[in-house]
Amino acid sequence: MKETSNRISSIDLLRGLVMMLMALDHVRDFFHIGSMHNDPLDLQTTTPLLFFTRWVTHFCAPVFIFLAGTSAYIFGQKKTKKQLSIFLLTRGLWLIVIEFTVIVLGWSFDPFYHTFVFQVIAAIGMCLIILGLMIWLPYLIILSTGILITCFHNFIDQFEIARNGNVGFVWDILHHGGFNRYEFLPNHSILIIYPFVPWAALMMLGYCAGKIFTFEFAQRKKWLLSLGIAMIALFVSIRLINSFGDSHHWSLQNNFMLSLLSFIDVSKYPPSLLFVLMTIGPALIFLALAEHIQNKFSAIVEVFGRVPFFYYIAHIYLIHLLTVILFFVSGHQFSEIQSDQSMFLFRAPDMGFGLAGVYTIWIFVLIVLYPVCKKFSQYKRTHQSWWLKYL
């Protein structure tokens with residue numbers, strides 16, 4: 001069969017990098033000795049290395065969602081608007097179904113589904129549905145909507161703070177995402193982590209940025225660099241003012257390093273304006289500079305970027321299976337499978353390693369998944385079955 005490919009390597013490369021970093025965050029969740037008790041971003045208890053181990057993974061969700069919008073625009077250049085809309089709507093619904101079935105099971109290993117989690121894949125599904133409807137509007141309307149929501153949704157934060165985060169299910173899933181749990185049946189609840197409206201705005205911006213990739217290389221590079229530098233400069237300027245763009249203000253600490261950590265510690269749930277500027281600005285600069293990077297390492301990274309959904313599901317199950325092995329090797333019994341401190345079965349509170357162990361397991365996970373993802377990527381590139389577009 002003839003191999004077909006019209007992908008943009010810099011997008012695959014960046015997406016592959018953030019997918020690899022995402023695995024680091026999830027390995028830390030399952031294997032770091034302190035992950036059950038301490039927030040790695042808490043300046044009172046963290047270390048610089050632990051802070052950056054968590055902080056660097058902040059790039060994962062926003063970059064992935066932004067690039068999902070960009071890819072939708074590029075994909076739409078070869079489709080009619082109706083075809084693109086139908087694809088986005090059906091893929092969005094598909095992701096929500098997979099989140100609440102396959103992915104929830106992978107995270108929890110709970111066959112009775114006591115806790116459903118509305119997190120990144122379900123949020124992306126909602127974003128795709130919204131984008132699938134929005135693409136019928138003029139380009140400038142989509143761009144303006146994305147900018148307005150991203151820049152000004154943080155004004156709502158004061159309303160949420162005044163109510164101590166008790167804003168109700170509908171508002172939680174739309175904007176707040178305060179890790180609140182809602183019981184809908186006895187012993188069955190849904191946990192809201194990713195509110196989809198701010199993320200949908202980011203996907204709109206990514207969709208509009210897709211137009212840049214229709215430009216010639218020199219012009220495209222100029223636009224990406226200019227926008228990326230402007231976003232970083234805007235982040236620094238607004239953050240220094242310390243009164244707008246994020247509900248989490250920074251403060252001077254006992255030393256420069258801790259003050260720096262405070263400065264870059266911005267809100268992901270929901271993604272604040274400063275969070276978007278801090279993550280997407282460097283991403284645009286990377287896209288501008290990485291388009292012609294071709295070496296052995298980039299080839300490896302691009303493999304993960306070509307099959308991100310397949311990789312996402314596979315890495316969750318692999319990490320949790322490794323957790324099960326550690327659980328029994330550590331001497332824990334079947335009676336300890338469930339803990340009141342975690343929705344993850346087989347995740348005992350006293351189980352885990354230091355950061356050296358976390359990084360070792362992370363590298364092991366990537367090594368195991370690489371050949372599997374490469375084989376699936378090759379299959380996708382040489383086959384045209386409709387269902388492959390949904391994986």
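Since every read-out is calculated from the coordinates, none of them should be taken as a lab result. Not measured: the values here are computed from a predicted model. All Cβ positions, glycine included, derive from the backbone under ideal geometry; neighbour counts span all protein chains shown.
The table below gives the values:
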quantity: Subset of the range 223-235 that is surrounded by 14 or more Cβ atoms within 10 Å (Cβ to Cβ) and either within 21 Å of F155 (Cβ to Cβ) or not hydrophobic (A, V, I, L, M, F, W, C) (or both) - its residue that is farthest from the chain's Cα centre (by Cα); calculated: L234
quantity: Residues within the range 234-256 that are touching a residue at least 40 places away in the same chain (Cβ under 8 Å) and not aromatic (F, W, Y), tallied; calculated: 5
quantity: Of residues in the range 28-48 being in a helix (DSSP H, G or I) and under 14 Å from F353 (Cβ atoms), the one farthest from the chain's Cα centre (by Cα); calculated: F31
quantity: Meets criteria (surrounded by 16 or more Cβ atoms within 10 Å (Cβ to Cβ), part of a helix (DSSP H, G or I), in contact (Cβ under 8 Å) with a residue 40 or more places away in the chain and in contact with a helix residue (DSSP H, G or I) (Cβ under 7 Å, 6 or more places away or on another chain)) for F309; calculated: no
quantity: Filtered residue count, the range 189-221, keeping only those that are β-branched (V, I, T), under 19 Å from the mean Cα position of the chain (by Cα) and either under 14 Å from I149 (Cα atoms) or surrounded by fewer than 19 Cβ atoms within 10 Å (Cβ to Cβ) (or both); calculated: 2
quantity: Close pairs from the range 376-391: first more than 15 Å from V303 (Cβ to Cβ), partner of a type in the set (F, W, Y) and surrounded by 12 or more Cβ atoms within 10 Å (Cβ to Cβ), Cβ under 6 Å, at least 6 apart; calculated: Y390/W94
quantity: Residue in the range 330-352 that is more than 22 Å from the chain's Cα centre (by Cα), in a helix (DSSP H, G or I) and of a type in the set (D, E) present; calculated: yes
quantity: Extreme residue, surrounded by the most Cβ atoms within 10 Å (Cβ to Cβ), among residues of the range 353-368 that are assigned to a helix (DSSP H, G or I) and aromatic (F, W, Y); calculated: W362
quantity: Every residue from the range 68-94 that is free of Cβ contacts under 8 Å to residues at least 60 places away in the same chain, surrounded by 18 or more Cβ atoms within 10 Å (Cβ to Cβ) and among the hydrophobic types (A, V, I, L, M, F, W, C); calculated: L84, L88
